[in-house]
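Just so you know, all these numbers are worked out from the coordinates, no wet-lab data involved. Here the structure is a predicted model, which means the values were calculated and not measured. Every residue, glycine as well, gets a Cβ built from its backbone with ideal geometry; the counts of neighbours run over all protein chains shown.
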Amino acid sequence: MPKLLIVDDELDVREFAANFFRKRKVEVTTASGGEEALDILEKLKPQLVLLDIKMQGINGIETLRRIRANDKDLKVIMVTGKKPDEDGSLNICQQLGVLDYIHKPLELAELERVVMGALK
């Protein structure tokens with residue numbers, strides 16, 4: 001069963017996405033922020049991380065930097081409520097090797113296509 005880690009500081013977003021993928025036979029773990037996500041990553045070894053950019057504490061880009069320090073190959077998809085080029089975060093994320101970029105509000109068709117495609 002593929003493993004997915006969803007990192008978002010909004011509980012409703014985490015639960016919505018988690019339930020959506022559990023119905024698609026994906027083992028889902030959630031984290032409410034970057035530090036929790038980094039702890040979970042060491043134990044869980046998911047194939048894919050769905051990572052929100054704007055979070056309390058360590059933001060998604062800093063979390064991504066820390067992930068890359070330990071694992072260059074882990075698939076990461078960034079989730080954002082902003083336009084990707086609004087603050088230069090798209091360039092930084094691309095340099096750090098993200099697989100894709102998904103926008104909030106989450107669209108189920110896009111979410112399913114991108115995430116399930118990455119888990120194959």
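So the values come out like this:
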{"read-out": "Exposed GluC sites (Glu not before Pro) absent - longest run of the chain, DSSP non-H/G/I/E/B, at most 13 other C-beta within 10 Å", "value": "1-85"}
{"read-out": "Estimated 222 nm signal from helices in the chain, with DSSP H stretches of n ≥ 4 weighted -39500 (n - 2.57), rounded to 500", "value": "-13000 deg cm²/dmol"}
{"read-out": "Loop-resident sites, the range 1-53, for trypsin sites (Lys or Arg not before Pro), counting at most 14 other Cβ within 10 Å (DSSP)", "value": "LYS23, ARG24, LYS25"}
{"read-out": "Translational D in µm²/s for the chain (Stokes-Einstein at 37 °C, 0.692 mPa s, Kirkwood Rh from C-alpha pairs)", "value": "235"}
{"read-out": "Relative contact order, percent, the chain [alpha-carbon distance under 8 Å, six or more residues apart]", "value": "22"}
